[in-house]
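A quick write-up on the structure given underneath.
The values are calculated or read from the model by the stated rules, or taken from the named source; none is laboratory data. Predicted model only: the values in this text are computed from it and were never measured. Neighbour counts are summed over all protein chains in view; Cβ atoms, including those assigned to glycine, are modelled from backbone coordinates with ideal geometry.
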Amino acid sequence: MAVTLHLVGCGRAGRSLARLWADQGAFSIGRVVNRRIESAQAAVDFIGQGRAAAGLDGIAAEDWLMLGVPDGQLESAVAALAAGLDRPPALAFHVSGAEPADVLRRLGCPVASVHPVCPFSDPERALRTFAGSYALGEGDPAALDAVLPAFEAIGAETMRFEPADKRRYHAATIAASNFLNVLDDLALDLAESAGLETGQALKVIVALQRAGLSNIEQAGPQQALTGPIERGDRVVCERLLGTPGVAGDPLFLALARAAVDLADRKHGRQAEDRENPLRELFGAPNVQSPDVQSPNLQSPGDRDGGV
């Protein structure tokens, strides 16, 4: 008989995981508790199991508890639960990437944190893409022994780690995931202003990134770096800085300076010897050729987030 899993904070990640577990038969979904009962009911409707509830009073001692509340609300949610529970659950875990498992100690049971490294912006899409992702767990060994197989049952590859700084780990996942969206928004704006239709531009950008990610996977970001900045091609870079949409764009310039630093490391140039002329070139914040104008191009502050 499947373990009953109660959910507190069932947003996009919580309902995606719960639906996968319900479909797989890994858990029997019990109560679903959100700040608003309407939101909890919407989650139950998506999952296809469970019961929208206002609290967890009277749960069975053998039941499990998952917290999917936003990272910044985790401590307060745990405090409220600890004050309101009749008895501790058999096991509790959260899916935060920023907070350690120890934040759950007040619940009085074995605890774990399992961070599913997967985008959950669209739960329907997450159901199709979750298999093959990674889930990183830390916390009590007994809790991890019990809960990690549930993630494996829905297609995740699991890892255990002992983070020296959980928030630094979280920053790494933000840089790899969320910043990619920011980068693609910049690339899409530039491609569209060059005359590519949105659909065409996305295909080109994503295909290029897939190939780049394959190279990074094989060789690492430093050795996989290529392009005019890596080659030190000042002529091409000067032309870039005279291009509307690039000239004066703080995001492009910041990324270019970072690419100069990465290229220096790739080619073994030490910090004290780094007189790469591109660093000074990209360090100028308002470089623009006066004879190149494009009145139809949006400035960085006008972007509407085209992705």
Answer residue from the range 39-77, given it is free of Cβ contacts under 8 Å to residues at least 12 places away in the same chain and not small (Gly, Ala, Ser) and is surrounded by the fewest Cβ atoms within 10 Å (Cβ to Cβ) among those:
Asp45
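Counting only residues that are of a type in the set (A, V, I, L, M) and either farther than 23 Å from His170 by Cα or out of contact with any Leu (no Cβ under 9 Å at 6 or more places or on another chain) (or both), how many does the range 73-100 have?
Of all residues in the range 73-100, those of a type in the set (A, V, I, L, M) come to 74, 77-83, 85, 90-92, 95, 98.
With either farther than 23 Å from His170 by Cα or out of contact with any Leu (no Cβ under 9 Å at 6 or more places or on another chain) (or both) added as a condition, the list becomes 79-83, 85, 90-91.
Going through the range 73-100 one residue at a time, the tally reaches 8.
Among the residues of the range 149-168 satisfying the criterion of being assigned to a loop (DSSP other than H, G, I, E, B) and not hydrophobic (A, V, I, L, M, F, W, C), which is nearest to Trp21 (Cα to Cα)?
Going residue by residue through the range 149-168, those that are assigned to a loop (DSSP other than H, G, I, E, B) are 154-156, 161-165.
Narrowing the set further to residues that are not hydrophobic (A, V, I, L, M, F, W, C) leaves 155, 162-163, 165.
On the way: Gly155: 10, Glu162: 26, Pro163: 27, Asp165: 30 Å.
Here the residue is Gly155.
Among Ala258, Ala247, Ala263, which is in the same structural domain as Thr198 (by TED's automatic domain parsing), at pLDDT 90 or above and surrounded by 13 or more Cβ atoms within 10 Å (Cβ to Cβ)? If you could, list the steps in order and put the result at the bottom.
Working: Ala258 fails: surrounded by 13 or more Cβ atoms within 10 Å (Cβ to Cβ); Ala247 fails: at pLDDT 90 or above.
Result: Ala263 is the single residue among Ala258, Ala247, Ala263 that is in the same structural domain as Thr198 (by TED's automatic domain parsing), at pLDDT 90 or above and surrounded by 13 or more Cβ atoms within 10 Å (Cβ to Cβ).
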Let me confirm something: among Leu183, Leu188, Leu196, which residue is part of a helix (DSSP H, G or I), more than 17 Å from the chain's Cα centre (by Cα), under 30 Å from Ala254 (Cα atoms) and not assigned by TED's automatic domain parsing to the domain that holds Ala13?
Leu188
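From Arg105, Arg128, grab the single residue that is in contact with a helix residue (DSSP H, G or I) (Cβ under 9 Å, 6 or more places away or on another chain) and free of Cβ contacts under 8 Å to residues at least 24 places away in the same chain. Can you show your working first?
Details: Arg128 fails: in contact with a helix residue (DSSP H, G or I) (Cβ under 9 Å, 6 or more places away or on another chain).
The match here is Arg105.
Conditions (1) among the charged types (D, E, K, R); (2) more than 27 Å from Leu278 (Cβ to Cβ); (3) surrounded by 15 or more Cβ atoms within 10 Å (Cβ to Cβ), marked per residue:
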{"site": "Phe161", "(1), (2), (3)": "no, yes, no"}
{"site": "Arg168", "(1), (2), (3)": "yes, yes, no"}
{"site": "Gly195", "(1), (2), (3)": "no, yes, no"}
{"site": "Lys203", "(1), (2), (3)": "yes, yes, no"}
{"site": "Leu208", "(1), (2), (3)": "no, no, no"}
{"site": "Ser214", "(1), (2), (3)": "no, no, no"}
{"site": "Gly220", "(1), (2), (3)": "no, no, no"}
{"site": "Arg234", "(1), (2), (3)": "yes, no, no"}
{"site": "Cys237", "(1), (2), (3)": "no, no, yes"}
Quick one: would you say Gln218 is in a helix (DSSP H, G or I) and more than 25 Å from Phe120 (Cβ to Cβ)?
yes
Answer residue from the range 99-141, given it is outside any loop (DSSP other than H, G, I, E, B) and small (Gly, Ala, Ser) and is nearest to Gln24 (Cα to Cα) among those:
Ala126
